[in-house]
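These notes concern the structure reproduced below.
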Amino acid sequence: MIIVLKPEASADVAQELLDRIAEKGLKPLHMPGAERVVLGALGDERVLAELALESHPMVESLKPILAPYKLVSREMHPHDTVVRLGRTAIGGRGFTVIAGPCAVETESQMRNTIAATKAAGADAIRAGAYKPRTSPYAFQGHGIEGLKILRATGDEFGLPVVTEVMETADVEVVAEYADALQIGARNMQNYALLRSVGRSGKPVVLKRGMAAKVEDLLLAAEYLLAEGNEQVVLCERGIRTFETATRNTLDLNAIPYIKQKTHLPVLVDPSHGTGIRDLVAPMALAAAACGADGILVEVHEDPAVAWSDGAQSLYPHQFAQLMANLAPICAAVGRQLAA
Ligand code: PEP
Ligand code: MN
């Protein structure tokens with residue numbers, strides 16, 4: 001429930017109401033605005049009814065939040081959230097490009113790849129040290145050694161790093177090395193992991209599960225916010241459909257829908273979304289055109305020898321061309337690519 005107080009309501013009145021909400025076992029929220037104070041109460045609304053807030057002299061109006069997700073909803077938080085990522089930010093007027101290989105393979109693979117993505121204007125690095133692979137026999141990532149290479153590459157090039165954490169037990173160590181924690185498609189509904197990453201307070205990139213509805217994604221994000229972490233970026237990475245021509249079906253409908261329903265920024269991953277190198281750049285441009293806050297894209301110094309996802313990884317020259325092609329599209333939709 002959203003509780004709008006009258007402009008003349010004092011801070012003491014707001015506090016008294018917050019205390020009464022908490023006494024009922026509901027989660028109180030305090031959202032002071034320029035003109036009015038708005039309060040929130042999360043939990044069973046039948047219990048809230050016992051407080052008879054509609055007849056309180058300092059309450060202007062009550063508005064139920066109809067969506068099942070609350071903290072992530074735009075009703076609760078009308079302004080766009082901007083998520084910090086090292087020295088850059090995701091959301092607002094910028095269009096953020098996070099680029100790098102699927103996995104950390106070697107020091108030189110990281111250095112050569114990121115030298116190229118940085119020269120082309122990327123804002124941040126992606127690369128996995130812990131890889132969720134469909135086959136148990138496929139390369140699983142270098143773990144902590146991979147994190148160290150990733151951090152060293154980020155420091156060398158002055159770029160923030162985003163990397164996946166797959167297990168609750170690894171949250172602490174990944175948080176030590178990374179600027180943002182990625183929760184992968186396969187873990188989107190791993191609620192213990194969501195809670196733990198929420199408690200870490202680190203910026204999060206939460207990817208949509210391959211069989212998840214947008215509502216499921218938003219409820220997964222709600223777990224992170226419910227733990228007090230508002231630094232959450234959503235990521236559309238394609239879903240499984242009956243179509244087999246592409247690895248996944250990139251659901252760009254989800255982007256303007258998510259922008260309407262939530263205040264959280266949203267990225268598009270055209271690499272996993274298509275699985276086919278030649279489709280990555282067109283879908284990245286489409287992502288910018290439909291209002292995404294950025295892209296998460298796979299680039300490899302030599303995709304032909306990549307240890308994972310080579311078929312969907314861009315060559316460095318293709319990435320540079322993509323950055324050049326993104327500029328006019330970003331400008332047309334009122335966004336800025338970083339220099
Ligand atoms: C990734 O981005 O490295 C990845 C494994 O993606 P997803 O979780 O979307 O499959
Ligand atoms: Mn990959």
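The values are calculated or read from the model by the stated rules, or taken from the named source; none is laboratory data. None of the values given here were measured: they were computed from a predicted structure. FYI the Cβ positions are ideal-geometry reconstructions off the backbone, even for glycines, and counts take in every protein chain you see.
What are the residues in region 256-280 that are part of a helix (DSSP H, G or I), out of contact with any Pro (no Cβ under 8 Å at 6 or more places or on another chain) and away from ligand 1 (no atom under 14 Å from the Cβ), if any?
Correct list: 256, 257, 258, 259, 260, 261, 278.
Take residue 175 and decide whether it is away from ligand 2 (no atom under 16 Å from the Cβ) and not hydroxyl-bearing (Ser, Thr, Tyr).
Working: away from ligand 2 (no atom under 16 Å from the Cβ): yes; not hydroxyl-bearing (Ser, Thr, Tyr): yes.
Yes.
Only residues that are within 16 Å of ligand 1 (Cβ to nearest atom) and either within 19 Å of residue 320 (Cβ to Cβ) or crowded, with 24+ Cβ neighbours inside 10 Å (or both): list them for region 90-112, please.
Narrowing region 90-112 to residues within 16 Å of ligand 1 (Cβ to nearest atom): 90, 96-105, 109-110.
If the condition is that a residue be within 16 Å of ligand 1 (Cβ to nearest atom) and either within 19 Å of residue 320 (Cβ to Cβ) or crowded, with 24+ Cβ neighbours inside 10 Å (or both), then 90, 96, 97, 98, 99, 100, 101, 102, 103, 104, 109, 110 are the ones that fit.
Give me the pairs: first residue in region 304-320 and under 16 Å from residue 132 (Cα atoms), second residue small (Gly, Ala, Ser) and away from ligand 2 (no atom under 15 Å from the Cβ), beta-carbon distance under 8 Å, and six or more apart or on different chains, which are they?
310/304
If residue 235 passes every condition in (1) surrounded by fewer than 18 Cβ atoms within 10 Å (Cβ to Cβ); (2) within 16 Å of ligand 2 (Cβ to nearest atom) but one, which one does it miss?
(1)
Of the conditions (1) surrounded by fewer than 21 Cβ atoms within 10 Å (Cβ to Cβ); (2) within 13 Å of ligand 1 (Cβ to nearest atom); (3) small (Gly, Ala, Ser), residue 226 clears all except one; give me its number.
That leaves (2) as the condition not met.
List, please: which pairs have Cβ atoms under 9 Å, are six or more places apart or on different chains, and start with a residue in region 226-247 that is at pLDDT below 95 and end with one that is within 15 Å of ligand 2 (Cβ to nearest atom)?
none
Take region 113-131 and flag every residue that is farther than 17 Å from residue 95 by Cβ, of a type in the set (A, V, I, L, M, F, W, C) and surrounded by fewer than 23 Cβ atoms within 10 Å (Cβ to Cβ).
Result: 115, 116, 119.
From 292, 286, 332, which residue is surrounded by fewer than 20 Cβ atoms within 10 Å (Cβ to Cβ) and under 19 Å from the mean Cα position of the chain (by Cα)?
Testing whether each residue is surrounded by fewer than 20 Cβ atoms within 10 Å (Cβ to Cβ) and under 19 Å from the mean Cα position of the chain (by Cα) leaves just 286.
Scan region 291-337 residue by residue and report those that are part of a loop (DSSP other than H, G, I, E, B) and more than 20 Å from residue 89 (Cα to Cα). Full working, then the answer.
From region 291-337, those part of a loop (DSSP other than H, G, I, E, B) are 291-293, 300-302, 306-309, 313, 315, 333-335; that's our starting set.
Within region 291-337, 300, 301, 302, 306, 307, 308, 309, 313, 315 meet the criteria.
Go through region 199-217 and report how many residues are assigned to a helix (DSSP H, G or I) and surrounded by fewer than 24 Cβ atoms within 10 Å (Cβ to Cβ). Walk me through how you get there before you give the answer.
Going residue by residue through region 199-217, those that are assigned to a helix (DSSP H, G or I) are 199-200, 214-217.
Filter once more, so that each one left must be surrounded by fewer than 24 Cβ atoms within 10 Å (Cβ to Cβ): 199-200, 214-216.
Residues that pass the stated criteria total 5.
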